[in-house]
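*Asks:* Once you've had a glance at the structure underneath, I'll fire off some questions.
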Amino acid sequence: MRPTMVVFRRELAGYFTTPVAYVFICVFLLLSGVLTFYFGGFLERGQADLRPFFSFHPWLYLFLIPAISMRLWAEERRAGTIELLFTLPITMTQAVLGKFLAAWCFTGIALALTFPLWITVNILGEPDNGVILASYVGSLLMAGGYLAIGSCISSLTRNQVIAFVMSLFVSFGFLASGFPPVLDVFKSWAPAPLLEAVATMSFLTHFDAVSKGVIDARDLFFFASLIAFWLFANALALDLRKAD
Amino acid sequence: MSASIDIQHLVKRFGDFTAVDDVSFGVQSGEVLGFLGPNGAGKSTTMRMITGFIAPTGGKVAVCGHDIATDAIAAKRAIGYLPEGAPTYPDMTPAGLMRFVGQIRGFGGAELGRRVDAAGEKANLRSVLNQRIETLSKGYKRRLGLALAILHDPAVLIMDEPTDGLDPNQKHEVRELIQEMAADKVIVLSTHILEEVHAVCSRAIVIARGKIVADGTPSELEARSRYHNAVSLSVGAASASAAGGALAGLANVFEVEALESADGRARFRVFPRDGQSIVDDVGQLAREQQWEVAELHVEQGRLDEVFRDITARGEGGAA
């Protein structure tokens, strides 16, 4: 797995040699602060927890994660470096995993930098830090799900704008799959079991469960299998049409 | 196992379009193979199949005995590849990118540093090692691509237009580098520049519309030219009128072409029948007739003419 680590290190370092990392982290921290304090009523609620903070994550990620994932493969295609990469002795799995893990690790760094909020809530009251930790784990897993979707879609185009918009669209489908806008699309024709399956795909439902502090193996399994599925599709898509 | 490439019945179709159509050839250690052909003839597609970037529709490629389809990693370890346009990551530095490629190829520690230094040295990148690649000129980017290809001292070196975008001095350096490395490697390079074939290649394959249309040494290809063994001479104005007729009367002469003359002399190009050597006959005639000969030389043959001739065939001669 050594080439995976080599790709991982190059990609992660790549975020910090350009302004991408700093812009992303600043906007992520600012937005999550604004949402928590102004729209989440963090102070007014008078409760020592981070619910207002985490409840916005599915929506925040919906817009910010595609901005990270859009360049993963589309950029390689556009610059032609995909030819350099895949004529080196590296397998498809190693390359896809290396890039994905770097992007995920970068999101993790951004998420970890929200720690002042955790300190704040610990100064103001006595929160259940177990629940907060579970929420962080859930948020990171959900980010991985968004990233895997975005990485796969990025591998289908050389245009980053298309990758961004399509990732946002597909991610929204998963985010809202338990709710009328998505379910109505399936209601008219899909058999009941499929409808039920679609309803259980909702990021909101699974994340909500985790962020209440209930770490259910099924929720973890949901995100893990979602990531695995999209990365597999990613590798397949690259294998079939990497030279196009 | 000594270096080799073995290609059997390689076919690549994109939809209805056949880019590479039943191509077979082998290259052995010590050979420098020039891959010639018009744009879109299938040169790059063939190279991409040899290096495992795209999968063939049919046929087999073995690099140093490793099948690129079933044993891709081993084959790719043996190959150094400069893709068309020498793509590189613009945000990185040449040193950083060489280290990245070296690490993927399994080098680490002092060995990695030594390899990066050596490749940077060979490709003449010393002065830009720590600049961002996007700020470099086209020539530097091309040489960086070359450095990445030779970093692991590969048994098989494949280069898609290695001298494209280089100035004449840089072209010369790259050709010298190729010649230095040629002894114990298989080298395949594609080019549009026919003089390059002369300068570095021990063998040339001409490909047109996906098929091999010629395969031989550069001299063998030149021998196909109607200029091969033709004799150019210029004589004093006094003997000009007689000379044309006398030359055309020689037994092995096929045709005499009068060229535009300068400084009062008449110039002729004499084409032989079937590429025979006629220089002795022409020389003897000139002595007998006591022409005042100012210039006399034998032409080698013109690759560009041969190239145009064999690649335009089948297009109604329109190209």
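*Asks:* Looking at the stretch B:141-154, which of its residues are within 14 Å of chain A (Cβ to nearest Cβ) and assigned to a loop (DSSP other than H, G, I, E, B)?
*Replies:* Of everything in the stretch B:141-154, those that are within 14 Å of chain A (Cβ to nearest Cβ) and assigned to a loop (DSSP other than H, G, I, E, B) turn out to be B:L151, B:H152, B:P154.
*Asks:* Continuing with this model, one more query. If you scan the stretch B:265-297, which residues turn out to be loosely packed, with under 11 Cβ neighbours inside 10 Å, not polar (S, T, N, Q) and not in a strand (DSSP E or B)?
*Replies:* B:D274, B:D280, B:R287, B:E288
*Asks:* Do we find a residue being within 21 Å of A:T4 (Cα to Cα) and either touching a Phe, Trp or Tyr at 6+ places or on another chain (Cβ under 6 Å) or not in a strand (DSSP E or B) (or both) anywhere in the stretch B:23-30?
*Replies:* Applying the first criterion (within 21 Å of A:T4 (Cα to Cα)) to the stretch B:23-30 yields none.
No.
*Asks:* On to the next question. Report yes if B:T311 is of a type in the set (S, T, N, Q), in contact with a Gly (Cβ under 7 Å, 6 or more places away or on another chain) and touching a residue at least 12 places away in the same chain (Cβ under 8 Å), otherwise no. Break it down stepwise before answering.
*Replies:* Values: of a type in the set (S, T, N, Q): yes; in contact with a Gly (Cβ under 7 Å, 6 or more places away or on another chain): yes; touching a residue at least 12 places away in the same chain (Cβ under 8 Å): yes.
For B:T311, the condition - of a type in the set (S, T, N, Q), in contact with a Gly (Cβ under 7 Å, 6 or more places away or on another chain) and touching a residue at least 12 places away in the same chain (Cβ under 8 Å) - is met.
*Asks:* Restricting to the stretch B:46-85, what's the tally of residues that are among the polar types (S, T, N, Q) and within 9 Å of chain A (Cβ to nearest Cβ)? Working first, answer last.
*Replies:* Looking only at the stretch B:46-85, we keep the residues that are among the polar types (S, T, N, Q), and these are B:46, B:51, B:57, B:70.
Restricting the remaining residues to those that are within 9 Å of chain A (Cβ to nearest Cβ) gives B:51.
Going through the stretch B:46-85 one residue at a time, the tally reaches 1.
*Asks:* Still on this structure, I have one more. Do you know which residues across the stretch B:69-93 are farther than 27 Å from B:H192 by Cα and not charged (D, E, K, R)?
*Replies:* Quick first cut of the stretch B:69-93, residues farther than 27 Å from B:H192 by Cα only: B:69-75, B:77, B:91-93.
Result: B:A69, B:T70, B:A72, B:I73, B:A74, B:A75, B:M92, B:T93.
*Asks:* Identify the single condition in (1) under 20 Å from B:A149 (Cα atoms); (2) part of a helix (DSSP H, G or I) that B:A238 does not satisfy, given that it satisfies every other one.
*Replies:* (1)
*Asks:* Looking at the stretch B:155-190, which of the residues that are small (G, A, S) and in a loop (DSSP other than H, G, I, E, B) is nearest to B:S137 (Cα to Cα)?
*Replies:* Looking only at the stretch B:155-190, we keep the residues that are small (G, A, S), and these are B:155, B:165, B:182-183, B:190.
Then keep just the ones that are in a loop (DSSP other than H, G, I, E, B); that gives B:155, B:165.
Working: B:A155: 29, B:G165: 9 Å.
The selected residue is B:G165.
Residues are listed down the side, and each one gets a yes or a no for (1) surrounded by 15 or more Cβ atoms within 10 Å (Cβ to Cβ); (2) at pLDDT 80 or above; (3) touching a helix residue (DSSP H, G or I) at 6+ places or on another chain (Cβ under 7 Å):
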| position | (1), (2), (3) |
| --- | --- |
| B:S190 | yes, yes, yes |
| B:E195 | no, yes, no |
| B:R203 | yes, yes, no |
| B:D215 | no, yes, no |
| B:E222 | yes, yes, yes |
| B:S234 | yes, yes, no |
| B:S241 | no, no, no |
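*Asks:* With respect to B:A182, determine if the residue is surrounded by fewer than 20 Cβ atoms within 10 Å (Cβ to Cβ) and either of a type outside the set (S, T, Y) or closer than 23 Å to B:T51 by Cα (or both).
*Replies:* On the way: surrounded by fewer than 20 Cβ atoms within 10 Å (Cβ to Cβ): yes; either of a type outside the set (S, T, Y) or closer than 23 Å to B:T51 by Cα (or both): yes.
Against the criterion (surrounded by fewer than 20 Cβ atoms within 10 Å (Cβ to Cβ) and either of a type outside the set (S, T, Y) or closer than 23 Å to B:T51 by Cα (or both)), B:A182 qualifies.
*Asks:* For the stretch B:39-140, list the helices (runs of 4 or more DSSP H) that sit wholly inside it and hold at least 2 residues that are crowded, with 16+ Cβ neighbours inside 10 Å and among the hydroxyl-bearing types (S, T, Y); which are they?
*Replies:* Filter on the stretch B:39-140 gives B:43-50.
*Asks:* Give B:T93, B:T135, B:T88 a once-over and let me know the one that is touching a helix residue (DSSP H, G or I) at 6+ places or on another chain (Cβ under 9 Å), polar (S, T, N, Q) and facing chain A (nearest Cβ under 8 Å). Spell out how you get there, then give the answer.
*Replies:* Working: B:T93 fails: facing chain A (nearest Cβ under 8 Å); B:T135 fails: facing chain A (nearest Cβ under 8 Å).
It is B:T88.
*Asks:* In the stretch A:62-92, which residue that is among the hydroxyl-bearing types (S, T, Y) and touching a residue at least 60 places away in the same chain (Cβ under 8 Å) is surrounded by the fewest Cβ atoms within 10 Å (Cβ to Cβ)?
*Replies:* The first filter runs over the stretch A:62-92 and keeps only residues among the hydroxyl-bearing types (S, T, Y), leaving A:69, A:81, A:87, A:91.
Next, from what is left, pick out any that are touching a residue at least 60 places away in the same chain (Cβ under 8 Å): A:69, A:91.
On the way: A:S69: 29, A:T91: 15.
By that ranking, first place goes to A:T91.
The values are calculated or read from the model by the stated rules, or taken from the named source; none is laboratory data. Note that the structure is a prediction, hence the values are computed from the model and not measured. Cβ coordinates were reconstructed from backbone atoms using ideal geometry, including for glycine residues, and neighbour counts include every protein chain displayed.
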